[in-house]
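Trainee: This is the structure I want to talk about, given as structure tokens.
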Amino acid sequence: MNSSLIAAAERVESAVEKRLFAEYGAIFATTAISPPVIIFEDHDEVDSFQASLSLAKGIFGDHEITLQSGAVEALRRASFEMSTLDGSITARAADAGGRSYADTVGLWTRNVTRGLEHWIGLDRMSSERADSIRGLSPKQQVSVILQLEEEEQLFFGTYFDRSILHSVAAPGASQHLSMLAFDVAEYQDSRIDAVMARNGWHRTVINDLPHFTFLGYEEAALSDLGLGRIFRTYGERVYSFWTPDVERLLDSE
């Protein structure tokens, strides 16, 4: 199994980190530079990590995106291969590639704010309690929000019926912070999966269909690294996602 993935599993220190590792931990199996922590503390930690990376820019469709150099090159190869099939691989939005800590906090805060207002409106939460949550740091909010969802079924996903992690990544844990994630505009094209996989890109976040992560391995190698394949049906199509096989990784310690 991948030694970096095992080492990351060994660094898990809390129930929240275990949850985040299960959700986003495939990033630690990459051939590129993986993050040094399960969840970054703040923008200073993220800025320091990103400054240590070899980064490159690439234009994919209407947007220029920044990723680790090897990831950009692999994405260029995938884009070229797709063009030979009369298809395309382009960025879904301006933030489809690497992101700053502030970018991820903004997405997280959007959902938290909407969720707090929703549950106050339904008399499931007091204004005072909501204010106390707003006053927490983003990292502190993660554990509180996940606890509210688990213990009180106060969900902060887009439609308030699922976890917030089904809609946005926890700030400090997003794979986009490692400059190894890319959101594909043409994700519904069934040919994309094989083309991206041949160039080391794979879906690694359940429910996030446009999101691919650069692992640097072809699909046949992923199980031996300590990742497990999970299938989900959306509409009439089955999608697969590679996430850490946590039990197998813990058994290897």
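The values are calculated or read from the model by the stated rules, or taken from the named source; none is laboratory data. Please read these numbers as outputs of a predicted model, since none were measured by experiment. Don't worry about glycine lacking a Cβ; one is built from the backbone with ideal geometry, like all the others, and counts go over all protein chains shown.
Trainee: Inspect all residues belonging to the range 112-128 and state whether any of them is of a type in the set (A, V, I, L, M, F, W, C) and under 18 Å from VAL46 (Cβ atoms). Before you say what the answer is, go through the steps one by one.
Mentor: Of the range 112-128, the ones of a type in the set (A, V, I, L, M, F, W, C) are 112, 116, 119-120, 122, 125.
If we keep only those that are under 18 Å from VAL46 (Cβ atoms) as well, we get none.
Checking the range 112-128: not a single residue is of a type in the set (A, V, I, L, M, F, W, C) and under 18 Å from VAL46 (Cβ atoms).
Trainee: When the range 164-203 is examined, which residues are found to be among the charged types (D, E, K, R) and farther than 18 Å from LEU227 by Cα? Please lay out each step first, then the result.
Mentor: Applying the first criterion (among the charged types (D, E, K, R)) to the range 164-203 yields 183, 186, 189, 191, 193, 198, 203.
ASP183, GLU186, ASP189, ARG191 - these are the residues of the range 164-203 that are among the charged types (D, E, K, R) and farther than 18 Å from LEU227 by Cα.
Trainee: Let me ask something else about it. Just the residues that are assigned to a loop (DSSP other than H, G, I, E, B) and of a type outside the set (Ser, Thr, Tyr), please, taken from the range 24-40. I'd like the intermediate steps shown before the answer.
Mentor: Residues of the range 24-40 that are assigned to a loop (DSSP other than H, G, I, E, B), as a first pass: 30-40.
Within the range 24-40, ALA32, ILE33, PRO35, PRO36, VAL37, ILE38, ILE39, PHE40 meet the criteria.
Trainee: Count, please, the residues in the range 158-204 that happen to be among the polar types (S, T, N, Q) and closer than 21 Å to ALA102 by Cα.
Mentor: To start, the set of residues in the range 158-204 that are among the polar types (S, T, N, Q) comprises 158, 163, 167, 174-175, 178, 188, 190, 199, 204.
Checking which are closer than 21 Å to ALA102 by Cα leaves us with 158, 167, 174-175, 178.
Summing the residues that are among the polar types (S, T, N, Q) and closer than 21 Å to ALA102 by Cα in the range 158-204 gives 5.
Trainee: Another question, then. May I ask you to verify whether PHE212 is surrounded by 23 or more Cβ atoms within 10 Å (Cβ to Cβ), under 12 Å from the mean Cα position of the chain (by Cα) and in contact (Cβ under 8 Å) with a residue 40 or more places away in the chain? Give the steps one after another, and end with the answer.
Mentor: On the way: surrounded by 23 or more Cβ atoms within 10 Å (Cβ to Cβ): yes; under 12 Å from the mean Cα position of the chain (by Cα): yes; in contact (Cβ under 8 Å) with a residue 40 or more places away in the chain: no.
In short, no.
Trainee: Mind listing whichever residues of the range 70-103 are part of a loop (DSSP other than H, G, I, E, B), of a type in the set (A, V, I, L, M, F, W, C) and closer than 12 Å to PHE182 by Cα? Walk me through how you get there before you give the answer.
Mentor: So the first thing to find is which residues in the range 70-103 are part of a loop (DSSP other than H, G, I, E, B), and the list is 84-90, 92-100.
This time we only want the ones that are of a type in the set (A, V, I, L, M, F, W, C), so: 85, 89, 93-94, 96.
Residues satisfying the conditions are ILE89, ALA93, ALA94, ALA96.
Trainee: Moving on to the next point. Checking the conditions here, which among SER83, SER88, SER100 is hydroxyl-bearing (Ser, Thr, Tyr), more than 20 Å from GLU17 (Cα to Cα) and free of Cβ contacts under 8 Å to residues at least 24 places away in the same chain? Lay out the reasoning, then the answer.
Mentor: Working: SER88 fails: free of Cβ contacts under 8 Å to residues at least 24 places away in the same chain; SER100 fails: free of Cβ contacts under 8 Å to residues at least 24 places away in the same chain.
Unique residue meeting the criteria: SER83.
Trainee: Consider PHE182 against the criteria (1) closer than 30 Å to LEU85 by Cα; (2) among the aromatic types (Phe, Trp, Tyr); (3) not assigned by TED's automatic domain parsing to the domain that holds PHE28: it satisfies all of them except one. Which criterion is unmet?
Mentor: The one condition PHE182 does not meet is (3).
Trainee: Going through the range 12-35 one residue at a time, which ones are more than 18 Å from the chain's Cα centre (by Cα) and at pLDDT 95 or above?
Mentor: none
Trainee: Looking at ALA71, ALA9, which one is modelled with pLDDT of 95 or more, among the small types (Gly, Ala, Ser) and not assigned by TED's automatic domain parsing to the domain that holds LEU146?
Mentor: Working: ALA9 fails: modelled with pLDDT of 95 or more.
Matching residue, one of ALA71, ALA9: ALA71.
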